[in-house]
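*Asks:* Encoded as structure tokens, here's the structure I'll be asking about.
A short reminder: the numbers here are calculations on the coordinates, not readings from a lab. The structure presented is a predicted model; accordingly, all values stated were derived computationally and were not measured. Virtual Cβ from ideal backbone geometry, glycine too; neighbours counted across all protein chains shown.
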Amino acid sequence: MNSAVKVCTHQNAIPILHEIKHALLKLAENNQATTIDLSSLPMTSQDTEQLLSTLGKGEVNVTLTSAGESTFWETQFPGVWVTQHQPHFSSKQLTYIEICLFPSLLMAQQADITDGLNRLQEIMS
Amino acid sequence: MSTNTIALNAFVEQMDSSMSAYFQSCTHCGLCAEACLFQTETQDPKYTPIHKIELMKRAWQQEMTLTGKLLKSIGLAKPITDDDLSEWEKVVYDGCTLCGRCSMVCPAGIDISGIIRKAREAFVASKHTPEGLRHGTKRAMELGSPMGVQLPALLAQLKHVEKDTGLSIPVDVEGADYLALLSSMEIMYYPEYIGALAKIFDHANVSWTLCSEAFEATNAGIQIGSSDLAAELVERIVSGAEKLKVKHVISPECGHAYTAIRWEGPNLIGRPFSFHVIHILELLDQLRAEGRLKTTGSWDESFTFHDPCQLVRKGGVVQEPRHLMGMFTTGLKEMPDAGVMNWCCGGGGGVSANPRAEDLKHIVFNKKKNQIEHTGVNTLVTACANCRMTIEEGAEHYNMDLNIIGLTEKLAEYLEPNQ
Amino acid sequence: MNIDSITLLNWARGSGFEWALAIFIFGTLYRVLTLLMLGRKRNLAPAKSAETSAGVRTVFRRFAPAKGLFSKAPLLHIAGITFHLGFFLILFFYTPHIEALKTVLGFSWPALPNSVITATTVVTMIAMITLLIYRITDPVRRFISDGHDYFIWVISFLPLLTGYLAFNHALLPYTLMLALHILSVELLMVLLPFTRLGHFIAIFFARFYSGSDIGRKGVSS
Amino acid sequence: MSKQYTLMDHLQGQGITRRGFLKFCSITATMLALPPSLIPQIAKALESAKRPSVIWLSFQECTGCTESITRSHAPTIESLIFDFISLDYHHTLQAASGHAAEAAREQAMKDNEDQYILVVDGSIPTGNPGFSTIAGIDNKQMLIDTAKHAAAIVAVGTCATYGGLPHADPNPTNAVAVSDIIKDKPIINVPGCPPIPIVMTGVLAHFLTFGTIPDLDDLGRPKMFYGNSIHDRCYRRPFYEKGLFAETFDDEGAKAGWCLFKLGCKGPTTYNACATAKWNEGTSFPIEAGAPCIGCSQPDFWDNGGFYNALSQPTISIGETAAAAIAAGAVASVAASAIHKSAKAKAAKKHHTVTTDDME
């Protein structure tokens, strides 16, 4: 493949790396979280691959199974997370870069806790 | 016909392909202004060359273009009025010497001075001409010379010249090779030119003659811009030349005379000449090249040379005077812009014959003055009686210490005596 | 459906261009043929040197400034030459223009990089603005100028301005700007033969005629 | 079909947790091209959103739009039909046919008067009413009748939005767009040939989520999907800027993925979400597959002078025009020259001969 193509794909991944850098800085300084929706950006699959391989994989790997499977992993840069949803009604994977302490979607929800508590009490009674 | 209709008619008569091309080409860049000494010396924009042809352009637009005709038919065209003609008369005659510098620089290739020459036809026809020029022309038509020089006066001068040179001046010699023409200025003020001719032709063994019926070379018709009158004056020369059966006619050291007889002549009378027209400097240079001119001694004074416009730009006589001067001197100090683009003396194109333009002529002479002063010399050689006269007057007006000499007579001084 | 920018663009690329081209061809041909058909009288004075070759030489020589004149009006020369050269480069060496000309002419040629064209456009516009300021402020230029001169300035400037804005996706949505750009070019095409802009073709005849008239006297001009 | 039944109820009935619901909301946000910061708002809206009734009318069309929406990846047509909306009439997809189908339409219109969404694909012939009829009712009449009590109209596909292919020159059926007939209802145009599936469902999702029609551009298109040109969002844009163009479909430039401008790409003047939403479940879009954009979401894209001619090229054939102009120019010149020559001759005849009398 012509080298010009490579240059081009690099060009699309690099601005996002810059954006991640700035978001990480905000997180470090003000504890401010950012989400980047890769599906809304004009990227080729090579662009996405390039970006994800640059970010690499870190220490945390989570799977969420609700309304389709989702995977979360922390990249080799702590505070930078990749979220991929595989909706049960679609085959298109949605990819987000989240710059945060921990993806909020993984935290237990008040409604679900109450529901779980009820079920626990039911079991115990 | 009213005078302005006569003018319009005269403009239209002269429309041809080149006029059409010229009038379509101007974008008003104004570069011609930089080439015109009337503009550079007065800084008055009305002397911008392209502005001088405005009326003729208007005529072209109104009569020769679709849009112009349309506008005229609904009364939106700007008419050419007598007031317009009077206003433009002052720039077309007093403010233009037909020097032709503008035609050389126009990026669009418009022959502006050529158009002004043609535009003058309409001014003459509608009687919008300077009085002085009109009267000079009348004299030329009626008496044979704008200065009123007639045959007896010439013959009297010739007697003096014969006495001075010891040579006889041939008059009305049938079958001579060359018929020499003279300008009245030469007859009256610079008869040494006639003596120089006699000496040179004797030296080079040239068969020549003067013609008692056609000795005047100047053409007042050309100066005022009337082809009708100019043709009549050319006819006089042609019939004289044909009567004497000469092979060549020599135009004297006079700029417009050369233009009149050499370039306009056959077109004015509507048929080719049976003889060749040659400028005296061209002839002399030809004799030099043939080895028929031998000089002795050297003029060791420093001097400069003024190129007459009608000879360089309008006649292509550029190298000839320099070759001739090279025969007897190395003292030539060229002025800035010498040669094809040399500046006009300010008296050509009828200006010197137009007393109304005298003040303006003195103002624009400043250009020549600067050029001369730039060379730092006090002697000027030229090859046109009219330039010579204008420069003499200009030098007097500005109190310049300037000695002015005709090239032919200077050359004659250095001829090797015949064995 | 009301007129939207894409409809305008389609009209500009279709009927608009067709009319503009037809009027341009008609007008240019009319100008050239009527000019030629007026004719010139045969010159009866024998020429000193060849006039035709002298005329052709003058056609080319007048692209360069006359000797000694450049220093008299350097700004006018630089701005004038830059504007004409820039206009030529942009018109004939920008990729989309070559594509358009290919439709008309049937052949194409290599383009200049877009960055060069963009820079040229800026320089050309600056040159034109300089010329306008010069026309307004210089006494000679102001004296000889009339409304027509300012009108053709605007007509020539619009394609540059709209083209530049369209390329940079500035001021108006691209589609509308592109439509305006093409329309401004069509306006220029329509007016070229019928205004002083007609010098684009007339100067070649003018130069040839004056060049041969002066040339036949043995003077090169 | 209770009107109180909300989407939240429906999802809870399927055993989806609050966390699952929030995940669904974030996917919706992506679909609506909204920033992730709006997820809480979306969640709040969806909690009380009701499932609207949808009536889908197909006129002069090729079923490409339906084909496209059935390939919608997020949401799928099944989940769309059963989860989000109540698709009460769609003559290609519904089981009923003939009078039963028309009865279902009339019932839905009655039950959901002034509430239902009308989706239209295909253009409407205005020439002969017999050109296209459904159950004996001509298209125009059915549109007028059905639109009368609709809450909003979604015109899908370029035929319904701008006339499309049936409208193309010479337009034998005198086809027009929905907006040419219906003037008193909000119309959302979702053009494309066909429209991107996610854009069609996204518009419905927006209506479902917010109960309002989205912001529209001057061609009636939702700005969230049609706000950018293909060119603006094209990954090949850097090649355009550098002036690197594919000259043919198989040259080195084409292989290297250079800009397709010269091959007729209409990306610069085409507004759609192809470059980001993509096609075939997010696989790619035409330019990514090496084909120039044909501008299918713009009015009259069929008549824009050929799909493979560059945007700067004139769309007309030059030959005849030029020949006619040359002929006219020649004739006019000869005529004008005759006039010029006679003017000259007349002037010569009237020539004022200058004599010495003029020199007084």
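*Asks:* Run through segment B:20-110 and list the chymotrypsin sites (Phe, Trp or Tyr not before Pro) located in a DSSP loop whose Cβ has at most 11 other Cβ atoms within 10 Å.
*Replies:* Working: sites: B:Tyr22, B:Phe23, B:Phe38, B:Tyr47, B:Trp60, B:Trp88, B:Tyr93; in loops: none.
When the chymotrypsin sites (Phe, Trp or Tyr not before Pro) of segment B:20-110 are filtered for loop state and at most 11 Cβ neighbours within 10 Å, nothing remains.
*Asks:* Follow-up. How many partner chain Cβ atoms sit within 10 Å of a residue's Cβ in peptide D:234-241, on average, as a whole number?
*Replies:* Values: counts 1, 10, 4, 4, 5, 4, 2, 5.
Across D:234-241, the average partner-chain Cβ count within 10 Å equals 4.
*Asks:* Here is a further query. Can you give the local net charge around C:Thr175? Use residues other than it whose beta-carbon is closer than 12 angstrom to its beta-carbon, Lys and Arg +1, Asp and Glu -1.
*Replies:* It works out to a net charge of -2.
*Asks:* Moving to a separate point now. Calculate one ³J(HN,Hα) per residue across segment D:301-313 by plugging θ = phi - 60° into the Karplus curve 6.51 cos²θ - 1.76 cosθ + 1.60, and present them in order as whole Hz with x for glycine and proline.
*Replies:* 5, 6, 9, 8, x, x, 5, 9, 9, 4, 4, 7, 7
*Asks:* Follow-up. What are the residues whose amide H is under 5 Å from the amide H of B:Leu380, where those residues sit 5 or more places off or on another chain and H is modelled from the backbone?
*Replies:* Amide H neighbours of B:Leu380: B:Thr304, B:Asn403, B:Ile404, B:Ile405.
*Asks:* Which Rg and Dmax, in Å, describe the Cα atoms of chain B?
*Replies:* 21.8, 80
*Asks:* With a cut-off of at most 13 other beta carbons within 10 Å, and DSSP calling the residue loop, which GluC sites (Glu not before Pro) in segment D:186-279 qualify? Please list them.
*Replies:* Sites meeting the loop and neighbour criteria: D:Glu247.
*Asks:* Determine the shielding of peptide D:12-19 by partner chains: average, over its residues, the number of Cβ atoms on other chains within 10 angstrom of each Cβ.
*Replies:* 4
*Asks:* Highest mean first, how do B:206-213, D:41-48 rank when packing is the count of other Cβ atoms within 10 Å averaged over residues? Don't skip to the end; give the middle numbers.
*Replies:* Details: B:206-213: 18.5, D:41-48: 16.4.
Final packing ranking: B:206-213, D:41-48.
*Asks:* Next question, about the same structure. Which of the lysines could be linked to B:Lys361 by a straight reach, that is with a Cα gap under 16 Å, when you skip same-chain ones fewer than 8 residues away?
*Replies:* Counting by Cα, and skipping residues close in sequence, B:Lys361 has these lysines nearby: B:Lys46, B:Lys90, B:Lys369.
*Asks:* Within the set of other residues whose C-beta is less than 12 Å from the C-beta of D:Met109, count the net charge using Lys and Arg as +1 and Asp and Glu as -1.
*Replies:* Neighbourhood net charge equals -4.
*Asks:* Based on DSSP loop calls and a cut-off of at most 16 other Cβ atoms within 10 Å, the longest stretch of chain C free of exposed trypsin sites (Lys or Arg not before Pro) is what? Write out the running numbers ahead of the final one.
*Replies:* Values: sites that count: C:Arg40, C:Lys41, C:Arg42, C:Lys67.
Of all site-free stretches, the longest is C:68-221.
*Asks:* Now, a different point. Under 5 Å between amide hydrogens, which residues at least 5 positions from B:Val277 or on another chain qualify, with H placed 1.01 Å from N in the peptide plane?
*Replies:* Result for B:Val277 returns B:Val249.
*Asks:* In percent, how large is the relative contact order of segment D:51-226, given Cα pairs closer than 8 Å and 6 or more residues apart?
*Replies:* Relative contact order for segment D:51-226 comes out at 24 percent.
*Asks:* Output the relative contact order of segment C:5-215, whole-number percent, from Cα pairs under 8 angstrom with separation of 6+ residues.
*Replies:* In percent, rounded to a whole number, it is 40.
*Asks:* Give, in whole angstrom and from largest to smallest, the semi-axes √(5λ) of the equivalent ellipsoid of chain D, with λ running over the eigenvalues of the Cα gyration tensor.
*Replies:* Listed largest to smallest, the semi-axes of chain D are 56, 27, 19 Å.
*Asks:* Okay, next question. Can you work out the Karplus-derived ³J(HN,Hα) for every residue in segment A:26-41? Use 6.51 cos²θ - 1.76 cosθ + 1.60 with θ = phi - 60°, whole Hz, and x for glycine or proline.
*Replies:* Coupling constants for segment A:26-41: 5, 5, 5, 8, 10, 6, 9, 8, 9, 10, 10, 9, 5, 5, 8, 9 Hz.
*Asks:* What shape does segment D:51-226 have by the C-alpha gyration tensor, where a ≥ b ≥ c are the square roots of the eigenvalues, rounded means a/c under 1.5, and otherwise prolate means a/b greater than b/c and oblate the rest?
*Replies:* Working: a/c = 1.43, a/b = 1.12, b/c = 1.28.
Rounded shape, in that the Cα axes give a/c under 1.5.
*Asks:* Output the Kirkwood hydrodynamic radius of segment D:125-194, Cα pairs only, in Å rounded to one decimal. Each step should come with its number before you reach the end.
*Replies:* Numbers: mean 1/r = 0.0807 Å⁻¹.
Answer for segment D:125-194: a Kirkwood hydrodynamic radius of 12.4 Å.
*Asks:* Suppose each label sits 7 Å from its Cα in the direction of the beta carbon; what would the D:Ala168-A:Arg119 distance come out to in nanometres?
*Replies:* Result: 5.6 nm between the two label points.
*Asks:* If the cut-off is a Cα-Cα distance under 20 Å, which lysines reach D:Lys223, setting aside same-chain residues fewer than 8 apart in sequence?
*Replies:* D:Lys185, D:Lys266, D:Lys278
*Asks:* Please work out the FRET efficiency for the pair D:His149 and D:Thr6, using the Cβ-Cβ distance as r and a Förster radius of 30 Å; give the result to the nearest 0.05.
*Replies:* My answer for the efficiency is 0.85.
*Asks:* As an exercise, take the mean of 1/r over every pair of distinct alpha carbons in segment D:228-336, invert it, and state the Kirkwood radius in angstroms.
*Replies:* 15.6
*Asks:* If you add up the charges near A:Thr35, with Lys and Arg at +1 and Asp and Glu at -1, over every other residue whose beta carbon is less than 14 angstrom from its beta carbon, what do you get?
*Replies:* Surrounding charge for A:Thr35 is -1.
*Asks:* Show me the three semi-axes of the equivalent ellipsoid for segment C:13-65, from the C-alpha gyration tensor (sqrt of 5 times each eigenvalue), largest first, rounded to whole Å.
*Replies:* Computed over segment C:13-65, the values are 35, 17, 6 Å.
*Asks:* Identify the residues of segment A:20-37 with backbone N under 14 Å of a label point that sits 7 angstrom from the Cα of A:Leu101 along the Cα-to-Cβ direction, or state none.
*Replies:* A:27-34
*Asks:* Can you run phi through the Karplus equation (6.51, -1.76, 1.60; θ = phi - 60°) for segment C:193-198 and list ³J(HN,Hα) in whole Hz, with x for Gly and Pro?
*Replies:* So the Karplus estimates, Gly and Pro as x, are x, 10, 10, 4, 5, x Hz.
*Asks:* Put one equal scatterer on each alpha carbon of the protein assembly as shown, apply the Debye formula with no solvent term, and list log10 I(q)/I(0) at q = 0.04, 0.09, 0.10 1/Å to two decimals.
*Replies:* Values, matching the q order: -0.39, -1.02, -1.18.
*Asks:* Lone cysteines in chain D, going by a 4.7 Å Cβ-Cβ cut-off?
*Replies:* So, D:Cys25, D:Cys62, D:Cys65, D:Cys159, D:Cys234, D:Cys259, D:Cys265, D:Cys274, D:Cys293.
*Asks:* Counting only C-alpha contacts under 8 Å and six or more residues apart, can you give the relative contact order of segment B:135-289 as a whole percent?
*Replies:* 24
*Asks:* In terms of Cα to Cα distance under 12 Å, which aspartates and glutamates are near enough to D:Lys350, apart from those fewer than 8 places away along the same chain?
*Replies:* Result set, ordered by chain and number: B:Glu13.
*Asks:* How big is segment C:5-215 along each principal axis, measuring the range of its Cα positions in Å and listing the largest first?
*Replies:* 64, 37, 36
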